[in-house]
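Every number in this text was worked out from the coordinates using simple rules, so none of it is lab data. Here the structure is a predicted model, which is why all the values come from computation and not from measurement. Positions of Cβ are backbone-derived with ideal geometry, glycine not excepted, and every protein chain shown enters the neighbour counts.
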Amino acid sequence: MFSSLFETSFSANDLMFMLKGAGVTLMLTFWAVLGGTLLGVVFGVIRAISPWWVNAPLGAVLDVFRSIPLLIQLVVANSFKTIVGIHWSPFTVGCVVLALYMSAYCTEIVRSGFLAVPTTTRRAARSLGLSWRQDLTEIVFPIALRVALPSWIGLTLGVMKDTAMVWWIGVVELLRSSQVIVTRIQEPLFVLSIAGLIYFLMSFPIARLGARLEKRWREND
Amino acid sequence: MSIEIQDVHKAFGSLEVVKGVTMTVEKGEVVSIIGGSGSGKSTLLMCINGLEPINSGRILVDGTDVHGRGTDLNKLRRKIGIVFQQWNAFPHLTVLENVMLAPRKVLGKSKAEAEAIAVEKLARVGLSEKIKVYPSKLSGGQQQRMAIARALAMSPDYMLFDEVTSALDPQLVGEVLDTMRLLSSEGMTMIVVTHEIAFAREVSNRVAFFHKGRIHEIGPPAQVIGNPREPETIDFLKSVL
Amino acid sequence: MNYTFHWLPAFRALPEMLWGALVTLEIAVLSMVLGVLFAVLLAVGASSQYRIFRAAAVSWVELARNTPALFQIYMAYFGLGSLGIHLDSFVALLAGITFNNAGYLAETFRGGLRAVPQTQVRAARSLGMGQIQAFRLVVMPQMFRIVFYPLTNQMVWAILMTSLGVIVGLNNDLTGVTQEYNVRSFRTFEYFALAAVIYYLLAKFVTVSARLMAWRLFRY
């Protein structure tokens, strides 16, 4: 059974094909994280400072994205696109859905980062003569960032892994490209292991970095 | 019946904190240990009931070698109660359950028996009204008294107190000291590590002054606190009084 | 937009979809129970004095956390086939999600264990409790409270992950049933929108009952 590892029909072309898939995975991740973070920061700050009648409905809507499987969200969005006649590629649909999905989680991260800055600290800053703006840039953002960044890194990696579901609506990313090769050369364990390795290499170093940041910041508290 | 400490040495890594301590506490005695922070007095208490291992020397409790190879520490600890500086209440249990836990699970008493014991001990420390609440609802002083009741519920022969008032707000210190006074008046054998010099002077049969891991002076309070001989003792007392 | 929505066929499919939801819940619950068991083993293994156990536990945790859940399910379904282990889609899905759950929960448990102060053990031991007694009576109940919220989160995750079964051919869970209807009628939007509502209600059901449970369990 291990003979397949040594006498494989897996070629350099196949590897290139998979790396191209990995490129698509990274592009999807990039757009999703960009859009999701921008929306998340806006929603998060709104949730942190707005009265309950803004906060509660916004929270409820975002909660929907966290309570429905991403796969279902993709299928619903993709069919809705056809219904209303928007001509987006599956890649674009994937980016948009993933960005909304990420924004729902990112909102909570930004909000808790914002709320982690004690009012007393802000009052102390203002009492020293810092302006409202300086208070935000010099005090609130640096503290909020420390709280939020490790979770944000974790979320980004989560979204990167979740891009694997996008092939269901027709995007050839890393997992789909390996599936294509599996169908042709019939060596699922070998090909999938390579796909897994690529995912791991894209995720693990960043996960480690996040863990280290978190630890260092906690020690300095 | 006594606690005998014989030339005990204790180090954390290369840092020796107890450097050859010898003393005996007889049944019925109250011995206070005073001294600056880091002088090794708390560590010595932990060694007496085997929560910390020792490097050399011997500690005998009623003739049993605490750090001996065949010693059943769990059994030995039943007769040595200890109360910590941080009271260490079990937050997931009510006050009553905190005190009942060990009698039930360690001594194997029935629920009714354990409850009777707990109610009695809690009454003695003045917490009868609080038995149904969780520790988080108590003040520090109340939690500390609960910790005393918890230790007493095992009917120990000896009680060790490790700076039990130093984490408390000043106005809460009195209620805890009152509880300890009550215990000593009932003849409980106690070793009290404390910063409360006046209290030590009042309740102790003997006072030991610890300095840099050694006993510098030991004797009746009137002597050690009232009329100290060693220059270190004099300096220390000046700094705290 | 010249599309007319046809909701009636979707509602006719509702009973069967609800049966599918039950299968979904079944897989999620099983994967959590198994996941918790493996997670405890992993947490113990990660602090073992034997290198081989440590290495195995760490690899499991890192693989589970650094590759997609869908990849893990694929491995169970297609990959293991190369080794002569052929799992049907139900078992493969269950295995994949369990693997994933265990990896995340192992870290949760380790964090929970660290969060109970060592002084609690000390206090318990000073009352004459043995190591195991102290853990069972004092550490574990406190740890349970700390991990309870992450545990419910993971349960919601497990429900969401079950939807991936359709990709390895599962056809009797909520997504599987929905897809069967979809293939027959191509009313994709209606069927999947209805499925989305059911998933939402399932997830809410879990979070609300967890909140009620926490309220009853943790009075302190």
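Worth pointing out:
- Column: log10 I(q)/I(0), Debye, Cα scatterers of the protein assembly as shown, q = 0.05, 0.09 Å⁻¹: -0.36, -0.92
- Given A:Lys161/C:Lys204; B:Lys27/B:Lys132; A:Lys215/B:Lys75; B:Lys105/C:Lys204, the pairs whose alpha carbons are separated by over 31 Å: B:Lys27/B:Lys132; A:Lys215/B:Lys75; B:Lys105/C:Lys204
- Normalised radius of gyration (Cα atoms, divided by 2.2 N^0.38 Å) for chain B: 1.01.
- Relative contact order computed over segment B:55-140 (Cα-Cα under 8 Å; 6+ residues apart), in percent: 27 percent
- With 19 Å as the limit, the listed pairs B:Lys10/B:Lys41; B:Lys111/B:Lys137; B:Lys79/B:Lys109 have B:Lys111/B:Lys137 beyond it between alpha carbons.
- Amide H within-cut-off set for B:Thr189, under 5 Å, with H built and near neighbours excluded: B:Gly28, B:Met159
- Gyration tensor verdict on segment C:159-198 (Cα atoms; rounded if a/c is under 1.5, prolate if a/b is larger than b/c, oblate otherwise): oblate
- Between A:Leu130, A:Leu62, A:Leu34, the residue with the greatest mean-square fluctuation in the GNM of chain A (Cα pairs under 10 Å linked by springs) is A:Leu130.
- Residue-averaged 222 nm ellipticity for chain C, from DSSP H runs of 4+ at -39500 (n - 2.57), nearest 500: -25500 deg cm²/dmol
- Take the convex hull of the alpha carbons in chain C; its mean projected area over all directions comes to 16.2 nm².
- Partner chain coverage, peptide B:84-91 - average Cβ within 10 angstrom: 5
- Built amide H within the under 5 Å cut-off of B:Gly35, gap 5+: B:Phe210
- Per-selection Kirkwood Rh - segment A:1-136 (Cα, Å, 1 d.p.): 18.4 Å
- Cα gyration tensor, segment A:102-193 - rounded (a/c under 1.5), prolate or oblate: prolate
- Helix-only CD estimate at 222 nm, as mean residue ellipticity for chain A, using -39500 (n - 2.57) per DSSP H run (n ≥ 4): -27000 deg cm²/dmol
- Peptide C:70-82 shows a mean partner chain C-beta count of 6 within 10 Å per residue C-beta.
- With both residues required to sit in segment B:2-240, DSSP beta bridges show an antiparallel share near 55%.
- Of the complete DSSP H runs in chain C, those spanning 27 angstrom or more by Cα along the long axis with a mean Kyte-Doolittle score not below 0.5 are C:14-46, C:89-115, C:140-162, C:188-217.
- Projected-area average for segment C:24-134 over all orientations - Cα convex hull basis, square nanometres: 8.8 nm²
- Chain B: relative contact order as a whole-number percent, Cα under 8 Å and 6+ apart: 26 percent
- Positive minus negative residues near C:Arg114 (Lys, Arg vs Asp, Glu; Cβ under 13 Å): +2
- 3J(HN,Hα) along segment B:183-188, derived from phi through the Karplus expression 6.51 cos²θ - 1.76 cosθ + 1.60 where θ = phi - 60°, amounts to 4, 5, 5, 8, x, 5 Hz, with x in place of Gly and Pro.
- The alpha-carbon of B:Lys121 sits under 19 angstrom from the alpha-carbons of these aspartates and glutamates, leaving out residues fewer than 8 places away in its chain: B:Glu97, B:Glu113, B:Glu129, B:Asp157, B:Glu175, B:Asp178, B:Glu186.
- Based on Cα contacts under 8 Å between residues 6+ apart, segment B:185-229 shows a relative contact order of 28 percent.
- Here is how the number arises for chain B: DSSP H runs of 4 or more residues each give -39500 (n - 2.57), the sum is divided by the residue count, and the result at 222 nm is -10500 deg cm²/dmol.
- Near the amide H of B:Gly20, within less than 5 Å, lie the amide hydrogens of B:Val8, B:His9, B:Lys10, all on another chain or at least 5 residues away, with H placed in the peptide plane.
- Cα-Cα separations in segment C:97-220 greater than 21 Å, expressed as whole percent: 57 percent
- Average beta-carbon neighbours from other chains, 10 Å sphere, peptide C:194-200: 5
- Oblate is the label for segment A:13-219. Its Cα gyration tensor axes, ordered a ≥ b ≥ c, give a/c of at least 1.5 and b/c at or above a/b.
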